[in-house]
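Participant: Provided herewith is a single structure, encoded as structure tokens, for subsequent inquiry.
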Amino acid sequence: MKKIGLIGGMSWESTQMYYKIINRKVRQISGGFHSAKCTIESVDFSEIHALQAINDWEALEVKMVEAATNLKNAKADVLLICANTMHLCSDAITKSIDLPLIHIARATGEKIKAEGLSKVLLLGTKFTMERDFFSNILAKEFNIEVLIPNETDREIIHNVIYDELVQGKINAGSRGQYIRIIYEAIKKGAEGVILGCTEIPLLIEPEHVSIPTFNTTKIHAEKAVEFALNTIAIN
């Protein structure tokens, strides 16, 4: 079994979900008393959030490369960034660290393509919805059209993530807003919805909407298990 290296703490609420999903999947596949070989480099999210707020992505790249280096020194065989937004730093990591990195958008694109869908709604932080690091991979590598909410709704989605979900707060009113946004996208042809922030699955579950949901946390974590158990290769 290969050792999974997790860059976590963004937020710890979702990082604990990664740990749980990874170990449950290993036990499901391998049985018995098996659990995952993994190590977590957990950053202080307050520092990350402050740098995001001023768009200092160079400083964020330095922090992510440092975290990845620590994981390599801990003898990790593969890297995961346990946050969608921080994949904006993925290129800096792959250029600096000689370890495979499982990209969350690519893992999600594979899943959407396997379901035969070609048009999906992307929910996440404003960084994830407005920058192209996620949607470009889906469009260029999987021929999947990505819808994003309007500016007002992007603000709602973003604020719920940072003001509530990363604080562990689950608000029924916020869930209603998310569901409204999803159903408006269905009217525009959305066949599925990407829960493109690792905290959103805390709020939206498959039974809340009538189209398939793609939980990027679960997809990403389970892809890491496939790699760790030698069932796939990562370029």
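Participant: If you check ASP56, ASP77, ASP44, which single one turns out to be under 24 Å from ALA107 (Cα atoms) and either assigned by TED's automatic domain parsing to the domain that holds ILE161 or among the acidic types (Asp, Glu) (or both)?
Facilitator: ASP77
Participant: What number goes with the only condition from (1) under 17 Å from the mean Cα position of the chain (by Cα); (2) farther than 30 Å from THR39 by Cβ; (3) hydroxyl-bearing (Ser, Thr, Tyr) that THR152 does not pass?
Facilitator: (1)
Participant: Still on this structure, I have one more. How many residues are aliphatic (A, V, I, L, M), over 20 Å from the mean Cα position of the chain (by Cα) and in a loop (DSSP other than H, G, I, E, B) when one looks only at the range 25-74?
Facilitator: Matching residues across the range 25-74 total 2.
Participant: Got a sec? Which of ILE219, ILE204, ILE194, ILE211 is in a loop (DSSP other than H, G, I, E, B) and under 18 Å from the mean Cα position of the chain (by Cα)?
Facilitator: ILE204
Participant: Out of the residues in the range 187-203 that are without any contact (Cβ under 8 Å) to a residue 60 or more places away in the chain and surrounded by fewer than 21 Cβ atoms within 10 Å (Cβ to Cβ), which is nearest to GLU145 (Cα to Cα)?
Facilitator: LYS188
Participant: Looking only at the range 111-125, filter to residues that are of a type outside the set (Val, Ile, Thr) and within 14 Å of the chain's Cα centre (by Cα); which one of those is surrounded by the most Cβ atoms within 10 Å (Cβ to Cβ)?
Facilitator: LEU123
Participant: Within the range 75-182, which strands (runs of 3 or more DSSP E) (wholly inside it) include 2 or more residues that are among the hydrophobic types (A, V, I, L, M, F, W, C) and touching a residue at least 60 places away in the same chain (Cβ under 8 Å)?
Facilitator: 78-81, 119-123
Participant: Please list, ordered by first then second residue, the pairs with beta carbon atoms under 8 Å, 6 or more apart or interchain, first in the range 1-22 and buried (at least 17 other Cβ atoms within 10 Å of the Cβ), second among the acidic types (Asp, Glu) and in a helix (DSSP H, G or I).
Facilitator: Within 8 Å, the pairs are ILE21/GLU222; ILE22/GLU222.
The values are calculated or read from the model by the stated rules, or taken from the named source; none is laboratory data. Quantities reported herein were computed from a predicted structural model and do not represent experimental measurements. Because the Cβ atoms are built from the backbone with ideal geometry, glycine has one as well, and the counts that use them run over all protein chains shown.
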